[in-house]
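*Asks:* This structure is in structure tokens; I'll ask about it shortly.
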Amino acid sequence: ADADVNAGAGADADADCGDGDDTGDADADDGARDNRFRQQRQADPASASQLCVRVQLQANGECPCCGSSAKLLTIDAQTCQHLKSAILHRAATRASRREHHLREFASWLEEQPRFDYLLDGPNIAYHNQNFAAGRFSYAQIDVILTLLRAQGARVLLLLPAKYAPRALPAEVPNHTCSKATNTEVSEEDFGRLSRWREQGLMYECATGLYDDWFWMYAAAHDLSEPRTRVVTNDAMRDHSLDLMPPLQFQRWRTSQIVPFCFIYPDQPERPDQAEGAQPPVPVASASASEPASSSSSAPLTPAAASSTPPSPSAVLGTTVANQNKVGDSEAGAATTTAHLV
């Protein structure tokens, strides 16, 4: 039976793994199955434990007890096409003079090989930046880009044009609680932008269009398995009601959206305790036993803290297949590493 779960190493699953004594049909309801279990438990307590066993699914989603495979439920081709059409329609009605930029992006995607990951640039850059010295953090984007590419993944960063100046001096918007409404782009950050352009890692979303439309469209574009995933903490509350039915929307989020958090090196004082202090630079390393472009995506694990971001190193670790789970983090803490699971 298909299970609407994320199958992966480390994922606990309750499965009806029996010895063949359960003769109920596949579509029996939960109540009937529970009654059969109670009857078997009363008749033979020793064998009752064999009817239902908590197991750890293998990396390919297979149950080690009965050999059945849990299936990751994604949205089908028809729903993907509906999603893309809904996004284009929304752009046409809300930004008719700029809609052609989104259609140009759609045409550009047709000419590109499949992407393993899409990065929601602003969502990543503003994460944990809502303090007095907060800013749009190019360093945070660079950490996740570096981590995923170290695993062999093909990555595309979606970044609004207003955050991608082409010459210095330049300022970009600052949508944090900082008193500054704009932030000057440093030479180091401009160097990052230039490198992303040269390496073809970035697509600049046109001004006047909601940048989320770009990565949402791209996520529904390629139907090959494994599906393209989006690195973002965006709950998409603005989009969930009118893009697709709730169940399909939840399946899409579960199967293709990858949450994240950052872990920063320890510092003498928190950045929000010193006016004008520069935010710490996140550091991390990659952990993978196979490239992210395969059927499994590996977790990204913390590295030892350092004052400058080290080059990520590939470490043999457990791969997690079809599982997206946000890591724990202390709210407001400036003491942790980029962590994707």
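*Asks:* Kindly provide the set of residues from the range 163-193 that are of a type outside the set (Val, Ile, Thr) and within 25 Å of the chain's Cα centre (by Cα), ordered by number.
*Replies:* Tyr163, Ala164, Pro173, Asn174, His175, Asp189, Arg192, Leu193
*Asks:* Also, quick follow-up: Quick one: Thr181 ticks every box in (1) surrounded by fewer than 18 Cβ atoms within 10 Å (Cβ to Cβ); (2) among the hydroxyl-bearing types (Ser, Thr, Tyr); (3) under 23 Å from Ala235 (Cβ atoms) bar one, so which box is it?
*Replies:* Here Thr181 meets the rest and fails (3).
*Asks:* Moving on. Which ones in the range 106-115 are closer than 25 Å to Phe136 by Cβ and in contact with a Leu (Cβ under 9 Å, 6 or more places away or on another chain)?
*Replies:* Of everything in the range 106-115, just one residue is closer than 25 Å to Phe136 by Cβ and in contact with a Leu (Cβ under 9 Å, 6 or more places away or on another chain), namely Phe115.
*Asks:* Looking at (1) at pLDDT below 85; (2) buried (at least 18 other Cβ atoms within 10 Å of the Cβ); (3) within 30 Å of His82 (Cβ to Cβ); (4) among the aliphatic types (A, V, I, L, M), which is the only condition Ala235 fails?
*Replies:* Evaluating Ala235 over (1) at pLDDT below 85; (2) buried (at least 18 other Cβ atoms within 10 Å of the Cβ); (3) within 30 Å of His82 (Cβ to Cβ); (4) among the aliphatic types (A, V, I, L, M) leaves (2) as the failure.
*Asks:* Can I ask one more? Step by step: first the residues of the range 209-227, then only those that are charged (D, E, K, R) and more than 17 Å from His89 (Cα to Cα), then the one that is surrounded by the fewest Cβ atoms within 10 Å (Cβ to Cβ). Which residue is that?
*Replies:* Looking at the filtered set, the residue picked out is Glu225.
*Asks:* In this structure, is Arg90 touching a residue at least 60 places away in the same chain (Cβ under 8 Å), closer than 20 Å to Ala235 by Cα, surrounded by fewer than 20 Cβ atoms within 10 Å (Cβ to Cβ) and in contact with a helix residue (DSSP H, G or I) (Cβ under 8 Å, 6 or more places away or on another chain)?
*Replies:* Spelling it out, Arg90 is indeed touching a residue at least 60 places away in the same chain (Cβ under 8 Å), closer than 20 Å to Ala235 by Cα, surrounded by fewer than 20 Cβ atoms within 10 Å (Cβ to Cβ) and in contact with a helix residue (DSSP H, G or I) (Cβ under 8 Å, 6 or more places away or on another chain).
*Asks:* Output the number of residues of the range 65-91 satisfying the condition of being farther than 30 Å from Leu102 by Cβ and touching a Leu at 6+ places or on another chain (Cβ under 8 Å).
*Replies:* So the count comes out to 1.
*Asks:* Tell me yes or no: at least one residue of the range 259-274 is assigned to a loop (DSSP other than H, G, I, E, B), hydroxyl-bearing (Ser, Thr, Tyr), surrounded by fewer than 16 Cβ atoms within 10 Å (Cβ to Cβ) and modelled with pLDDT of 50 or more.
*Replies:* Within the range 259-274 (the criterion being assigned to a loop (DSSP other than H, G, I, E, B), hydroxyl-bearing (Ser, Thr, Tyr), surrounded by fewer than 16 Cβ atoms within 10 Å (Cβ to Cβ) and modelled with pLDDT of 50 or more), the answer is no, since none of the residues qualifies.
*Asks:* Tally the residues that are surrounded by 12 or more Cβ atoms within 10 Å (Cβ to Cβ) and within 17 Å of Ala161 (Cα to Cα), restricting the search to the range 107-126.
*Replies:* Residues flagged as surrounded by 12 or more Cβ atoms within 10 Å (Cβ to Cβ) and within 17 Å of Ala161 (Cα to Cα) within the range 107-126 amount to 9.
*Asks:* Separate question: In contact with an Asp or Glu (Cβ under 7 Å, 6 or more places away or on another chain) and open to solvent by less than 20 Å² (accessible area, probe 1.4 Å): which single residue out of Leu158, Leu201 fits that description?
*Replies:* Leu158
*Asks:* Looking at Arg97, Arg135, which one is in a loop (DSSP other than H, G, I, E, B), of a type outside the set (Gly, Ala, Ser), touching a residue at least 24 places away in the same chain (Cβ under 8 Å) and over 30 Å from Gln151 (Cα atoms)?
*Replies:* Arg97
*Asks:* Same structure again: Listed residues Arg90, Arg197, Arg114; which is assigned to a loop (DSSP other than H, G, I, E, B), out of contact with any strand residue (DSSP E or B) (no Cβ under 6 Å at 6 or more places or on another chain) and under 30 Å from Leu223 (Cβ atoms)?
*Replies:* On inspection, the qualifying residue turns out to be Arg114.
*Asks:* Another question, then. Pairs only if they're at least six apart or on different chains, beta carbon under 6 angstrom, first in the range 216-239 and over 20 Å from Leu72 (Cβ atoms) and touching a residue at least 12 places away in the same chain (Cβ under 8 Å), second open to solvent by 10 Å² or more (accessible area, probe 1.4 Å) and part of a loop (DSSP other than H, G, I, E, B); list them, first residue then second.
*Replies:* Going by the 6 Å Cβ cut-off, the qualifying pairs are Asn233/Pro259.
*Asks:* Going by what's in this entry, would Asp222 be described as out of contact with any Cys (no Cβ under 7 Å at 6 or more places or on another chain) and at pLDDT 85 or above?
*Replies:* Yes, satisfied.
*Asks:* Considering only the range 53-85, how many residues are open to solvent by 40 Å² or more (accessible area, probe 1.4 Å), outside any strand (DSSP E or B), among the polar types (S, T, N, Q) and under 19 Å from Thr254 (Cβ atoms)?
*Replies:* Counting residues in the range 53-85 that are open to solvent by 40 Å² or more (accessible area, probe 1.4 Å), outside any strand (DSSP E or B), among the polar types (S, T, N, Q) and under 19 Å from Thr254 (Cβ atoms) gives 2.
*Asks:* Can you pull out the residues in the range 148-190 that are more than 26 Å from Tyr117 (Cα to Cα) and small (Gly, Ala, Ser)?
*Replies:* Within the range 148-190, Ala167, Ala170, Ser178, Ala180, Ser186 meet the criteria.
The values are calculated or read from the model by the stated rules, or taken from the named source; none is laboratory data. Given the structure is predicted, the values throughout are model-derived calculations rather than measurements. Please note: Cβ atoms are built from the backbone with ideal geometry, for glycine as well, and neighbour counts cover all protein chains shown. To get the accessible areas, we keep the full protein, side chains included, count just its heavy atoms, and leave off ligands, DNA and RNA. Shrake-Rupley method; radii C 1.70, N 1.55, O 1.52, S 1.80 Å.
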